[in-house]
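Colleague: The structure's right below; bear with me while I get my questions together.
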Amino acid sequence: MAAFGTEFTAQMVTSHYENGQWSALDVVPVAPFSLHPATHVLHYASECFEGLKAYRRSNGDVHLFRPDRHIVRMGNSAAQLLLEIPEPAALEQSLHMAVRAVIDEIPAYPGSLYLRPTLLGVEQDIGAAARPSQKVIYYVLTSPVGDYFAGGLKPLRVKVEDQAMRSTPGFGAVKTGGNYAAAMRQVVRAQQELGADQVLFAPGGDVQETGAANFMLIEGDELLTKPLDGTILPGVTRDSILTLAADAGLKVTERDFTVEELLERAPRGEAALTGTAAVLTPVGTFLYNGQEISVGDGQMGSWSSRLREQLCAIQSGEAPDVHGWRVPLKGG
Ligand SMILES: *Cc1c(COP(=O)(O)O)cnc(C)c1O
C-alpha cells in the first residue's frame, strides 16, 4: 500500500453551496477540480477539514469510529471560519455514503478507510478578504490505509518549543490548513537541526500539543493533559484515551502545566501523542535547550501500551463497545 495520504478511492461524496443553499449529496468520481485563480480559499485560506476512520471487522461488518464527534468539531471549525456547512444530519449521511460507495476497498484491520471531509470557500473574489465566501464546496475524500505501525512503534524524539505558537488563542481548536502552515517551519527546523520527529508547542512555557496530535503525560497513577481551552484541538483520540484511562483507574487531570513540570516528571513517567492516524505514539526523548531528556527508560511504557491496545481493540471490533463509539454503517 502507498504511503499515507497518496492513495485514494475512485469515488467521493460532494455537495455545493450556492445562492444560499446546499445541493443534494452526490457520489462522484475523484477527479481534479477546476478553480479560478481568484478563488477565495487559494488566497484567504477559507477551508477546514476532518480526519476519521471506518473499520472492517473480521465478520465483515463495517463501522465508523465516533463520527458524531467529528461532525460537531467540523461544525465548530466552520463557525470560526464563517464558512457555510451542511446540516449535521447531512454530514452524517455523507460519511455513510462515502464509505458505502467504496465498501469493497476497505482494508481489513489493522488497515482501515481514512475519511477526509473538507470544506472549501470557492467564490471567485480576491476582494473578499474580510467577508465569507458565498460559494462553498464540501466533499468527503477517502483513502485506504494499511497498518500504520507495520514497522513497529518507535518512541519519538520531540523538541519542546517554549517560544513559538502553533496557532493563536481560540483558533487552536479549529482544524484548518492555516494552523499547519503556521507550525510547519518550526517542525521542519526541529527535524533539520535536531533530528526531531515532532515539536511540542509550549509558548511561554505552557505545554499544549504538537503540530497534529494531542499530548499527555502519565506518571504514577495520574494522567496529565492540558484542558480544552481553545489553544488545542479537541482530539477525539484524546477524549477516547482519557475515558479509557479513567476506566482503568488512572486519575485523569486536565490542567495547565509548564515545561519545567513536564521535564521534571518525564524521567519517571510516560509521554504520548494521540490522533486518529497513529492512535497513540510514545515519546521517548524530549529535546530542550540543548539537552536530551529521556522519558522513563526511553521505551514505550506499560500504561501507554495498555491504553493503546484497549483503544485499538475497540476500533477493530474485538473488544466490547461499552461507550458506544462504533457506529455501524447505514444504508445499502
Ligand atoms: C487532528 C488533530 C489532532 C488529533 O485529533 P483526533 O480527533 O484525535 O484525530 C490533534 N491536534 C491537531 C492540531 C490536529 O489537527
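The values are calculated or read from the model by the stated rules, or taken from the named source; none is laboratory data. No experiment lies behind these values; they were computed from the predicted model shown. Positions of Cβ are backbone-derived with ideal geometry, glycine not excepted, and every protein chain shown enters the neighbour counts.
Colleague: Could you please find all residues in segment 201-214 being in a helix (DSSP H, G or I) and either among the small types (Gly, Ala, Ser) or at pLDDT below 95 (or both)?
Modeller: Gly204, Gly205
Colleague: Here is a further query. Is segment 205-212 home to any residue that is crowded, with 22+ Cβ neighbours inside 10 Å, over 22 Å from Thr285 (Cβ atoms), of a type in the set (Ser, Thr, Tyr) and within 19 Å of the chain's Cα centre (by Cα)?
Modeller: Looking for residues that are crowded, with 22+ Cβ neighbours inside 10 Å, over 22 Å from Thr285 (Cβ atoms), of a type in the set (Ser, Thr, Tyr) and within 19 Å of the chain's Cα centre (by Cα), one finds none in segment 205-212, hence no.
Colleague: Now for a separate question. For segment 37-70, how many residues meet the condition of being more than 15 Å from the ligand (Cβ to nearest atom) and either buried (at least 23 other Cβ atoms within 10 Å of the Cβ) or part of a strand (DSSP E or B) (or both)? Don't jump to the end; show me each part of the working.
Modeller: First pass over segment 37-70, keeping only residues more than 15 Å from the ligand (Cβ to nearest atom): 37-44, 46, 56-63.
Keeping just the survivors that are either buried (at least 23 other Cβ atoms within 10 Å of the Cβ) or part of a strand (DSSP E or B) (or both) gives 39-40, 46, 56, 62-63.
So the count comes out to 6.
Colleague: Could you tell me whether segment 185-195 includes any residue that is within 12 Å of the ligand (Cβ to nearest atom), modelled with pLDDT of 95 or more and outside any strand (DSSP E or B)?
Modeller: yes
Colleague: Taking Ala313 as the residue in question, decide whether it is surrounded by fewer than 20 Cβ atoms within 10 Å (Cβ to Cβ) and either modelled with pLDDT under 95 or of a type in the set (Lys, Arg) (or both).
Modeller: no
Colleague: Any idea how many residues of segment 136-185 are over 28 Å from Leu262 (Cβ atoms) and in contact with a Leu (Cβ under 9 Å, 6 or more places away or on another chain)?
Modeller: 10
Colleague: Restrict the check to segment 98-118 and report whether at least one residue is at pLDDT 95 or above, polar (S, T, N, Q) and closer than 20 Å to Asp321 by Cα.
Modeller: Within segment 98-118, one or more residues are at pLDDT 95 or above, polar (S, T, N, Q) and closer than 20 Å to Asp321 by Cα.
Colleague: Same structure again: Tally up the residues in segment 219-232 that are crowded, with 24+ Cβ neighbours inside 10 Å and touching an Asp or Glu at 6+ places or on another chain (Cβ under 7 Å), please.
Modeller: Summing the residues that are crowded, with 24+ Cβ neighbours inside 10 Å and touching an Asp or Glu at 6+ places or on another chain (Cβ under 7 Å) in segment 219-232 gives 1.
Colleague: Here's another thing I want to ask about it. Filter segment 129-160 for residues that are outside any strand (DSSP E or B), in contact with a strand residue (DSSP E or B) (Cβ under 7 Å, 6 or more places away or on another chain) and either without any contact (Cβ under 8 Å) to a residue 60 or more places away in the chain or of a type in the set (Lys, Arg) (or both) and give the result.
Modeller: Lys135
One line per residue, one yes/no per condition, for (1) touching a Gly at 6+ places or on another chain (Cβ under 7 Å); (2) within 26 Å of Trp22 (Cα to Cα):
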| site | (1), (2) |
| --- | --- |
| Gln124 | no, yes |
| Pro144 | yes, no |
| Gly152 | no, no |
| Glu161 | no, no |
| Tyr180 | yes, no |
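Colleague: Then there is this: So which pairs qualify, if the first residue must be in segment 168-197 and more than 28 Å from Ser46 (Cβ to Cβ), the second must be among the β-branched types (Val, Ile, Thr), the Cβ gap must be under 7 Å, and the two must be at least 6 apart or on different chains?
Modeller: Ala190/Val199; Ala196/Val158; Asp197/Val158
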